[in-house]
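All of the numbers you see were taken from the coordinates with simple rules; none came from a lab. Since the structure is predicted, the reported quantities are computational estimates derived from the model, not experimental observations. Ideal geometry is used to build each Cβ from the backbone, glycine not excepted, and the neighbour counts take in all protein chains shown.
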Amino acid sequence: MPSQIRSYRDLSVWQKSCDLAEEIYMLTRQFPKEELYGLVSQMRRAAVSVPSNIAEGAEREGAAEYLRFLSVASGSLAELQTQVELARRFNYIAAQQAEELALGIDEIGKMLYGLRKGLREHRGGDHAGIEHRKARQ
């Protein structure tokens, strides 16, 4: 990771959550067709919501707004964890796959917690090191 974070794209938590979303998309291709508008859609939306909210929050003005978007990302991560558990219970994924996903989700959750904690400690700052390019517009 670069020494100075210039964009949400430099954040490991954003990168890992994009990887998770990609993994969820690939995994849900194997689900039964009748779940396309049910569990598949919900899992995909929750997975995409995590990096999307990290990115949107980073581009907002002020730490309070960023914290709100990070909170939404954390909520989406919890939704996804629940949906992974349901997919396991419905036998759409193996227990081992569910466990591997749970480990990745837990890691992202800890990273989000750390980012939120850092922002709270540096409130009024520049998003804990993320420079905004809005001034150039």
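Here are a few things to note about the model shown:
- With R₀ fixed at 30 Å, the C-beta to C-beta distance from Arg89 to Ser12 puts the FRET efficiency at about 0.45.
- Sorted fewest first by neighbouring Cβ atoms within 10 angstrom, Asp106, Asp10 come out as Asp106, Asp10.
- Shape class for segment 54-99, computed from the alpha carbon gyration tensor (a ≥ b ≥ c): prolate, with a/c not under 1.5 and a/b above b/c.
- For Phe31, neighbours were defined as the other residues whose beta-carbon sits under 13 Å from its Cβ, and their charges (Lys and Arg +1, Asp and Glu -1) total +2.
- Projected-area mean, the chain, by convex hull of Cα positions, square nanometres: 8.8
- Sparse-neighbour loop sites [chymotrypsin sites (Phe, Trp or Tyr not before Pro); segment 26-127; at most 10 other C-beta within 10 Å; DSSP]: Tyr37
- Within the shell of other residues whose beta carbon sits under 14 angstrom from the beta carbon of Gln83, the net charge comes to 0, with Lys and Arg scored +1 and Asp and Glu -1.
- Global form of segment 1-74, assessed from the alpha-carbon gyration tensor, a/c cut-off 1.5: oblate
- Along the chain, longest interval not containing exposed trypsin sites (Lys or Arg not before Pro), exposed being DSSP loop plus at most 10 other Cβ atoms within 10 Å: 30-132
- Sequentially through segment 35-48, phi angles give Karplus couplings (6.51, -1.76, 1.60; θ = phi - 60°) of 8, 3, 9, x, 4, 4, 4, 5, 5, 5, 4, 5, 5, 6 Hz, Gly and Pro residues having no value and appearing as x.
- Environment charge of Ala102, counting only residues whose C-beta is closer than 13 Å and scoring Lys/Arg +1, Asp/Glu -1: -4
- The chain, helix-only ellipticity at 222 nm - DSSP H runs n ≥ 4, -39,500 (n - 2.57), divided by all residues, nearest 500: -23500 deg cm²/dmol
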